[in-house]
Every structure is written in C-alpha cells, then in structure tokens.
Amino acid sequence: MIFAVVRQVLSQLILEAPASSRWRLARAGELIRANTKRTLTDGQALSRLRRALLRWAAKRGRHDLPWRQSRDAYRVWISEIMLQQTTVVAVIPYFERFLARFPTLAALAEADEHEVLRLWAGLGYYSRARNLHVAARQVVQDHAGTVPSDVATLTTLPGIGRYTAGAIASFAYDRRAPIVEANTQRVYARLMALREPLESTTARNAIWSLAERAVPAKSPGAFNEALMDLGATTCVPTTPRCDECPVTSSCQAFRDGLQNEIPTPRVRPEPTAVRQAMIAVQRGRRYLLRKSPAGERWAGLWEFLRVPVDRDGESVSLPSIERAVATLCGLAVEANSDGFELRHTVTRFRIRLHCTTARYVSGTTNGPAEYRWAQVDEFGSFAFSMPARRFADRLAN
C-alpha cells in the first residue's frame, strides 16, 4: 500500500516538475516498480507469505470438506479427480456415494466399469472415471495396492497429470510438491501481476516456477490447501475481496491496482450449435436402450437412440427421425409427434435435444453398439448420460 501511495505522489510530481527534473523522478518510479516486483524472489518475502497464509487458513480454511477428514491417499485421489472442472458443491454428494460403494482402492479395482460409470453419471467428463478405474487396477498390479507417494510415479498413472500428482503427494503424504489449478493459478498470477493470458506458455511457466519456489518444505500440504482456499473464497475471479486477503502485502496486482484486470480474461470460441433427437422406442412395456461404443462422446454410457435430425423451422421432421433410427440400428419405427426439448452443453457444442417416443414396428437391432430392452423400473441399474437420465425420469413419472 505504501508503494502505491509513493507511486501516485511521484506521478503527480513528474507532471508538475520542470522538464530538467522529470527524468530523475521517472527513474525513481522505475526503481520502486523494480523493487516491488522483486518481493517474491527472496526467501524472507516467501516466508512472510507462507506465515500469513497459514494463519489465515487456520481460521478461515475449508476444514469441513469431506475429503479433508482423512489423509488417506485413495480418498484424496478420488476427490482430486472429481474436482477437475467441477465445483465443490457438485462433487460432495458424488464423492460420498462413490466412497460408500467403493470404500477402498481394491474395491474400485475389482468393480465392473459399468458400475463405476453408473456412480459417476451426472458428473460429466466420463473419461475421468474410466481412467480412474484403469489406474486403480494398475496400482493393484504394479504397486501392491498402495497409491504411490512421489510425483514422478503418480504421473505414470492414467488420468493423473502434474497438478493431480502434486495434490496427492502433498495432501496425502506431505511431500513438497507444487500444485497449480484454477484457484492457485489465479492467486499466483495476481501475486506476480502477470498480464499474459493464463493459457500461454509464458504464463504457465512463470506460474509453475513461482509455485515450485513458494511451496515450503514444512507442511507443504497445508500450504497448498490454504492457497486453494484463498483462491476459492477470497481471491475470486471477479471482484476479489482484497480487504479480507492476508497476503495483499505480497501481491503485486493489488499494489498496482490491477486485481480486477488479472488474470486476463480468456477468449473462448463461440459454441457450435447442434440439433439432435433422442428417441425412446417402445415395444410393449419396454424401451430400447443403446450403449455408446468406444469413440463416441458418451462411450460406455447408456442412452435412448440419439440421432441427427432435420428441422422445418422449429418443428422436428418425423420422417427424418424414422430414417435416422433405421440407419442407426436397422429398426422400423413410427415416431410420435409429442415430445419436449432439453438443452445441454458439451465442451464446445451447444446441443438442442428433441426428446420423443416412437412405436416399434419391425426389425432387429444391428451395428457395433450393445442394445437392451428395459422396463421403466429397471432404469436405475443403467449408467445413463445426464440427458438420458432426465429423459428416463420423465418416462418413469
């Protein structure tokens, strides 16, 4: 704060000073800026940052999160995989249900993939669940069922990158390992007043470099958790609560008044609009389900028949649905005119999904996918995609 006031005074003096003196004042300003940008390069400054952050976390940290009730490496691992691109609020019930069904790594390794996906259904990014399942089996086979404690070995497991490995090593084993995820990345960027886009190579290298220096040898797990909590609750993406922050004296963005401009907003491409139909083909009291094969977006999950459709304005062409179903699986059906629309976004696609029913007429299913006829009261045993689950619930009700 003192540096900011001094810079403001110097700026005013430069404007009012005679031309012959302005360069000296300008040079003084450059030296002050250079000095403030060096605050996180010396050990004493980093020690002050660590102490202030840990004192704050002791009172304000998120100690009640369910995965922090134990330092068990398996629980830490599950939570970190679930938290990738997913909010804490959304993860908590899934974490608790998953651990109730698979309380140990051995239980997960022995499970069928379909059961793992069923417990994961709704969290999205299903490759996380498949990688987790494969990695659990690899740990049983190659590491006698014990989750590795070092970053290098952890990163050899499917689905575990540099951040997740650092989180497991520091949280479960208190190993000195840096972590950079959405919250800590933002904190580090503001501490350095980093103006480059976070997705750039320059920014990533700078942030990881600071993270490696900042994490202490003593209680690295507590430090990393505190940094994550600060980013999640105080150093938030927009309108950060700097008046509540314990490390403003170490924050270059705060001193420069740039905390609302850093990180530089990411330019996201406009989502591609996609229109599809999901058809529940009915035969007596049963509906046809299709398991998406490898290579499709919902691989391993069950859905009703999902097909591209033609539209006449806002209405769905029933003949186009019938032709698409015949192409997909070889059945002749009679599509109904009723239905409703679901909207959901997957990566860069914004999907409008027309959900309707159709009556089975003739034919047998063919193609690479697995098909099953199921009654409504059997739906609970299937790992559905989220849109299919919403459709199934409508049919059940």
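The values are calculated or read from the model by the stated rules, or taken from the named source; none is laboratory data. The model shown is predicted, which means the values in this text are computed figures rather than measured ones. Don't worry about glycine lacking a Cβ; one is built from the backbone with ideal geometry, like all the others, and counts go over all protein chains shown.
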So which residues in the stretch 163-181 are in contact (Cβ under 8 Å) with a residue 60 or more places away in the chain and surrounded by 24 or more Cβ atoms within 10 Å (Cβ to Cβ), if there are any at all? 167, 168, 171
Is it fair to say residue 242 is over 30 Å from residue 346 (Cβ atoms), more than 23 Å from the chain's Cα centre (by Cα) and without any contact (Cβ under 8 Å) to a residue 24 or more places away in the chain? yes
Can you tell me which condition residue 271 does not meet? The list is (1) modelled with pLDDT under 90; (2) under 17 Å from residue 388 (Cβ atoms); (3) touching a Phe, Trp or Tyr at 6+ places or on another chain (Cβ under 8 Å); (4) not aliphatic (A, V, I, L, M), and all the others hold. (2)
Looking only at the stretch 73-99, filter to residues that are of a type in the set (Val, Ile, Thr) and over 16 Å from residue 125 (Cα atoms); which one of those is farthest from the chain's Cα centre (by Cα)? 76
Within the stretch 352-376, which residues are assigned to a strand (DSSP E or B), more than 35 Å from the chain's Cα centre (by Cα) and not aromatic (Phe, Trp, Tyr)? 358, 359, 361, 362
When the stretch 92-120 is examined, which residues are found to be in contact with a Leu (Cβ under 7 Å, 6 or more places away or on another chain) and not in a helix (DSSP H, G or I)? 102
If a residue must be hydrophobic (A, V, I, L, M, F, W, C), farther than 26 Å from residue 346 by Cβ and surrounded by fewer than 17 Cβ atoms within 10 Å (Cβ to Cβ), how many such residues does the stretch 90-148 contain? 5
Hey, residue 265 hits all of (1) exposed (fewer than 15 other Cβ atoms within 10 Å of the Cβ); (2) in contact (Cβ under 8 Å) with a residue 12 or more places away in the chain but one; which does it fall short on? (2)
Name the residue, out of 135, 165, that is modelled with pLDDT of 95 or more, closer than 20 Å to residue 98 by Cβ and of a type in the set (Gly, Ala, Ser). 135
Given the criteria more than 29 Å from residue 269 (Cβ to Cβ) and either crowded, with 22+ Cβ neighbours inside 10 Å or out of contact with any Lys or Arg (no Cβ under 7 Å at 6 or more places or on another chain) (or both), does residue 190 qualify? no
Exception for residue 130 within (1) more than 23 Å from residue 212 (Cβ to Cβ); (2) part of a helix (DSSP H, G or I); (3) without any contact (Cβ under 8 Å) to a residue 60 or more places away in the chain falls at (3)
Does residue 147 count as of a type outside the set (D, E, K, R), outside any loop (DSSP other than H, G, I, E, B) and either without any contact (Cβ under 8 Å) to a residue 12 or more places away in the chain or closer than 22 Å to residue 76 by Cα (or both)? no
Within the stretch 339-351, can one find any residue that is more than 36 Å from the chain's Cα centre (by Cα), among the charged types (D, E, K, R) and either loosely packed, with under 11 Cβ neighbours inside 10 Å or in a strand (DSSP E or B) (or both)? no
Would the stretch 199-218 turn up any residue that is farther than 29 Å from residue 259 by Cα, assigned by TED's automatic domain parsing to the domain that holds residue 51 and of a type outside the set (A, V, I, L, M)? yes
For the stretch 175-225, how many residues are of a type in the set (Asp, Glu) and assigned to a loop (DSSP other than H, G, I, E, B)? 3
For the stretch 86-108, pairs from a residue that is over 30 Å from residue 144 (Cβ atoms) to a residue that is hydroxyl-bearing (Ser, Thr, Tyr) and modelled with pLDDT of 95 or more, with Cβ under 9 Å and 6 or more apart or across chains, are 86/94
